[in-house]
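Accompanying notes for the structure given below.
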């Protein structure tokens, strides 16, 4: 009995320590838990050697933080796609996804956030949201209107793109909003991983897409990976269900979080933009 009691006590102590450690990590170091940036500058020369056509442009966020992006101008009568990446790597890790869209004549702005790609600054929800707005401000400074711009967000970028669409496009919609492997809110995703913790108290960066999506009249395309373990499909489906604007959802049943390019999802994007646009 004493031996059993000791084992149970040790197990209980381990569980408590795990609970406390995870809680402290969520509250005290969200950068450790959520963000995995590549902090060296993105190498445009390397991308160019791989055939990517772009120029590096610079602008500032609302608080004066210097930012940069890779910009490819659109062809005749084509729109500009602003691609917001997720919580890892830097923009160099995503240009390959956009090359087929450039080949089709679309312009692309591939903006970097603070804390990524050699840009100084702390990664927080308000900071990333401001940096995303700054990318659209850059295009506005060149004379582009919301109707010229397609917002495209992947994973965490589903929030920065949705937030941008809600803040800048509620009364003046953007041309389109594309969300790849999105979620309804980060708190819900975390709750699915650690249901034993008081997530609403501990998660400060909420990235709450579900509170924004109904403010948006922009036509919506949602792309979900059926075997996604990072953002399980139910979270993207929940977000899609809340959207009231013209919308379409495509589920890649064998897809995982970061491989929809391998399933040639760019073909579906082009079809939706160029064919479905006529019926929207």
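Each value in this text was obtained by applying a stated rule to the coordinates, not by laboratory testing. If you're wondering where the values come from, they're calculated on a predicted model, not measured in any experiment. Reconstructed Cβ throughout: ideal geometry from the backbone, glycine too, with neighbour counts over all protein chains shown.
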So for each of 247-253, 58-64, 268-274 I average, over its residues, the number of other beta carbons within 10 Å; can you give me the resulting order with the highest mean first?
268-274, 247-253, 58-64
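With a 10 Å radius around each residue's Cβ, average the other Cβ atoms per peptide and rank 172-183, 217-228, highest first. Don't jump to the answer; show the numbers that get you there.
Working: 172-183: 24.3, 217-228: 21.1.
For the peptides 172-183, 217-228, the packing ranking is 172-183, 217-228.
At a 10 Å Cβ-Cβ cut-off, how would you order 144, 152, 96, 106, fewest neighbours first?
Numbers: 144 18, 152 26, 96 13, 106 21.
Least crowded to most crowded, the residues run 96, 144, 106, 152.
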Given a Förster distance of 41 Å, the FRET efficiency implied by the Cβ-Cβ spacing of residue 206 and residue 60, rounded to the nearest 0.05, works out to 0.95
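By counting other Cβ atoms within 10 Å of each Cβ, how are 46, 77, 211 ranked from fewest to most? Kindly include the intermediate steps, with their values, before the conclusion.
Numbers: 46 11, 77 6, 211 14.
Taking fewest neighbouring Cβ atoms as first place, the list is 77, 46, 211.
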Whole-Å distance linking the alpha carbon centroid of the range 61-127 with that of the range 221-267 is 21 Å
With a 10 Å Cβ neighbour count serving as the proxy for reagent exposure, in which order, fewest first, do 112, 55, 125 appear?
55, 125, 112
Taking only the C-alpha atoms, wrap a convex hull around the range 56-208 and report its volume per residue in Å³ as a whole number.
115 Å³
